[in-house]
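Peer 1: Quick one: this structure, given as structure tokens, is what I'll be asking you about.
What follows draws every value from the coordinates through simple rules; no lab data is involved. What you see is a predicted model, and the numbers here were worked out from it, not measured in a lab. Please note: Cβ atoms are built from the backbone with ideal geometry, for glycine as well, and neighbour counts cover all protein chains shown.
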């Protein structure tokens with residue numbers, strides 16, 4: 001059988017030149033006269049190194065050398081150290097070689113079984129003399145990695161306000177390694193950052209950086225970072241930054257949604273309570289400061305408020321939470337105090353205006369009336385019903401607070417030398433000052449009185465006791481009038 005086909009007619013092709021490809025090729029810089037027609041031996045390359053002729057060595061030959069130098073140095077031990085030092089010296093002026101050396105040095109450090117680097121090059125690394133700022137930073141980072149100085153790497157990150165991976169990327173260094181602690185290299189550095197920050201002059205930029213770093217961790221690494229944070233930064237320092245404390249409350253407090261409270265160590269749990277307490281006290285302190293600054297108060301009321309602030313500073317770590325209730329007249333003047341969320345308006349019931357602060361001390365709820373004739377402290381045993389009223393209701397008035405059932409022994413004054421008796425009353429209910437308190441402050445900017453957790457402050461002398469009894473009698477009458 002015969003087959004026939006039509007002739008295939010192709011279109012005429014124009015003489016098209018690859019102009020764009022030619023342009024790209026023309027932009028590629030040669031590394032000198034380094035294109036060899038014939039591949040060279042390792043010995044030939046090393047001879048150029050010995051004679052200081054790096055211009056004869058091309059990129060492929062450098063890579064070939066780095067791959068095979070380990071085998072070569074076994075048979076040339078006397079010579080290998082000198083050659084390694086020369087290679088590091090040549091790298092000072094050769095960015096390609098420098099990058100390959102640093103990269104493979106780090107790979108060799110974290111994956112030693114892979115034999116990425118000749119031992120002579122490892123041992124001679126320290127002879128590299130960086131000249132540019134970039135090289136100095138790269139050299140410093142590599143040295144810290146080789147010495148496992150992860151806390152110092154964390155310090156560098158803090159100073160630059162950059163995440164570890166950003167720094168490694170900037171200096172073209174490898175960093176995706178899993179370490180023996182079951183964390184990555186980046187995670188290992190990040191969990192050290194709270195330790196680093198604790199040794200700096202902490203300010204807002206460092207706290208924001210810390211929050212960003214910690215919140216982007218997860219699982220085990222985040223838990224380690226939070227433990228380091230809570231156990232190394234003092235509560236009164238950390239408690240000054242509401243954003244950070246709010247994040248901790250949300251993710252790690254006993255009441256937080258999907259909280260990891262149960263994963264914290266006992267020490268960290270206690271520290272977190274102190275952090276939250278410190279923030280709550282800061283809110284109380286902030287309100288007192290705003291009131292004394294903006295309200296036109298008589299001197300005796302200003303002194304009364306300051307004495308309250310100083311007294312409760314002894315318990316600053318102990319507050320589980322607080323709630324602030326302000327009469328509309330005060331709110332109009334002081335406005336919304338920055339970063340205080342738990343603040344509501346008191347319902348007007350015709351009572352003499354005063355501000356109120358509610359403290360949660362674990363098993364006890366304390367209602368603190370700030371000013372006026374009825375300036376007092378009321379201490380209630382916590383019940384779910386009372387807790388709901390004091391911390392969740394927005395329909396609270398002064399009369400409602402004073403009508404709550406309470407033993408007269410749990411109503412305390414703020415008249416002359418009230419602090420001794422008030423501390424004693426709180427201690428009887430196992431409400432103690434901050435841990436390690438050795439001086440109990442009563443007057444602002446003064447050291448305070450020697451304090452014992454068993455016996456409290458030194459007792460008042462006879463003259464002060466007599467004066468206190470006289471003024472206390474008048475106060476009791478005022479309270480009785482207010483409760484009727």
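Peer 1: So for the range 152-264, what percent of the C-alpha to C-alpha distances run longer than 19 Å? Can you show the working numbers first?
Peer 2: On the way: 2751 of 6328 pairs.
Result for the distance tail: 43 percent.
Peer 1: Also: Of the DSSP beta bridges with both residues in the chain, give the percent that are antiparallel, rounding to the nearest 5.
Peer 2: 85
Peer 1: Please compute the length gained on full extension between residue 149 and residue 483, using 0.36 nm multiplied by the number of residues separating them and subtracting their Cα-Cα distance. Working shown, then result.
Peer 2: Values: separation 334, 0.36 × 334 = 120.24 nm, distance 6.55 nm.
The span from residue 149 to residue 483 would gain 113.7 nm if fully extended.
Peer 1: Give the relative contact order (percent, whole number) for the chain; include only Cα pairs under 8 Å separated by 6+ residues. Show your work: numbers first, answer last.
Peer 2: Working: 559 pairs, mean separation 35.5, N = 484.
Across the chain, relative contact order equals 7 percent.
Peer 1: Mind sorting out which of [x] 245; [y] 167; [z] 344 is the real volume of the Cα convex hull per residue in Å³ computed from the coordinates?
Peer 2: [z]
Peer 1: Then there is this: Taking the 0 to 90 degree range and rounding to the nearest ten, how far is the long axis of helix 418-428 tilted relative to the main principal axis of the chain, both from C-alpha atoms?
Peer 2: Once rounded, one gets 70 degrees.
Peer 1: Between residue 438 and residue 131, what is the spin-label point distance in nm, taking each point 7 Å from the Cα along the Cα→C-beta axis?
Peer 2: So the two model labels end up 5.8 nm from each other.
Peer 1: Still on this model: Using a basic spin-label model with each label point 7 Å from the Cα along Cα→Cβ, how many nm lie between residue 205 and residue 231?
Peer 2: The answer from the label model is 3.0 nm.
Peer 1: Would you mind ranking 285, 355, 227 by Cβ crowding within 10 Å, fewest neighbours first? Working shown, then result.
Peer 2: Numbers: 285 15, 355 23, 227 20.
If I rank by nearby Cβ atoms, fewest first, I get 285, 227, 355.
Peer 1: When the expected Rg is taken as 2.2 N^0.38 Å, what fraction or multiple of it is the alpha-carbon Rg of the range 55-179? Can you show the working numbers first?
Peer 2: On the way: Rg = 14.9 Å, N = 125, 2.2 N^0.38 = 13.8 Å.
Working it through for the range 55-179, the quotient is 1.08.
Peer 1: Subtract the Cα-Cα distance of residue 114 and residue 74 from 0.36 nm times their separation in residues, and report this length gain in nm to one decimal. Please report the intermediate quantities before stating the final value.
Peer 2: Working: separation 40, 0.36 × 40 = 14.40 nm, distance 1.70 nm.
Stretched fully, the residue 114-residue 74 segment lengthens by 12.7 nm.
Peer 1: For residue 351 and residue 255, what does the FRET efficiency come to when R0 = 25 Å and r is the distance between their Cβ atoms, rounded to the nearest 0.05? Don't jump to the answer; show the numbers that get you there.
Peer 2: On the way: r = 32 Å, r/R0 = 1.29.
Here the calculated transfer efficiency is 0.20.
Peer 1: State, to one decimal in nm, how far the label point of residue 474 lies from the label point of residue 52, with both points 7 Å from Cα in the Cβ direction.
Peer 2: In this crude spin-label approximation the distance works out to 9.6 nm.
Peer 1: Using r as the Cβ-Cβ distance of residue 422 and residue 220, and R0 as 45 Å, what FRET efficiency do you calculate, to the nearest 0.05? Let's see the in-between values first.
Peer 2: On the way: r = 45 Å, r/R0 = 1.00.
The formula returns an efficiency of 0.50 here.
Peer 1: Based solely on its DSSP helices, what 222 nm [θ] is calculated for the chain when runs of n ≥ 4 H residues each add -39,500 (n - 2.57) and the sum is averaged over all residues, nearest 500 deg cm²/dmol?
Peer 2: Values: 22 runs with 254 residues, N = 484.
-16000 deg cm²/dmol, from helical runs alone.
Peer 1: Let's test the formula: R0 of 35 Å, r as the Cβ-Cβ distance of residue 159 and residue 292. What FRET efficiency results, to the nearest 0.05?
Peer 2: Numbers: r = 39 Å, r/R0 = 1.11.
Computed FRET efficiency for residue 159 and residue 292 comes out at 0.35.
Peer 1: Please arrange 41, 302 by counting, for each residue, the other beta carbons lying within 10 Å of its beta carbon, fewest first. Numbers along the way, then the final one.
Peer 2: Working: 41 9, 302 17.
Ranked by crowding around the Cβ, least crowded first: 41, 302.
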